[in-house]
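Undergrad: Okay, here's the structure, questions in a sec.
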Amino acid sequence: MEIKSRKSRGVVVSNEVIVNIAKTAALDVDGVAAVVSRPANIKSIVRINRINKAVLIKKVASGIDIDIYIKIKSGYKIEALAENVQKNVKESVQSMACLLINKVGVHIVSIDLQSIKNDKS
């Protein structure tokens with residue numbers, strides 16, 4: 001799926017570009033340890049093209065929905081961290097790719113417990 005930019009009629013933005021913008025924006029948020037593959041479940045195993053995706057993009061009539069899967073560092077408030085990731089991903093994709101983003105779903109897959117060990121050392 002390639003998505004046409006709102007501002008420029010001839011510009012098409014590939015999924016890979018949107019994914020890279022979203023990943024970079026999420027990693028720029030303090031407290032995000034990594035962007036990780038989504039956990040496997042029966043549905044994703046059957047749908048081979050969705051396995052191991054860290055960022056999912058869905059084109060809907062009113063714009064684009066993004067789901068991103070992250071690992072967070074310990075010691076951060078989950079709600080505030082998720083809101084910061086949502087905001088940064090939405091603003092980055094909208095400004096760089098000139099696309100309308102409806103929502104950004106942030107899925108916290110795990111917590112980096114190494115950061116606890118490093119703090120105690």
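Undergrad: Expressed in nm to one decimal, what extension gain is obtained for the pair ASP65 and CYS98 from 0.36 nm per residue of sequence separation less their Cα-Cα distance?
TA: Full extension of this stretch gives 10.5 nm more.
Undergrad: Report the calculated FRET efficiency for GLU79 and ASN15 (r = Cβ-Cβ distance, R0 = 30 Å), to the nearest 0.05.
TA: Computed FRET efficiency for GLU79 and ASN15: 0.55.
Taken together, the values in this text are just the output of simple stated rules run on the coordinates, not laboratory data. The model shown is predicted, which means the values in this text are computed figures rather than measured ones. All Cβ positions, glycine included, derive from the backbone under ideal geometry; neighbour counts span all protein chains shown.
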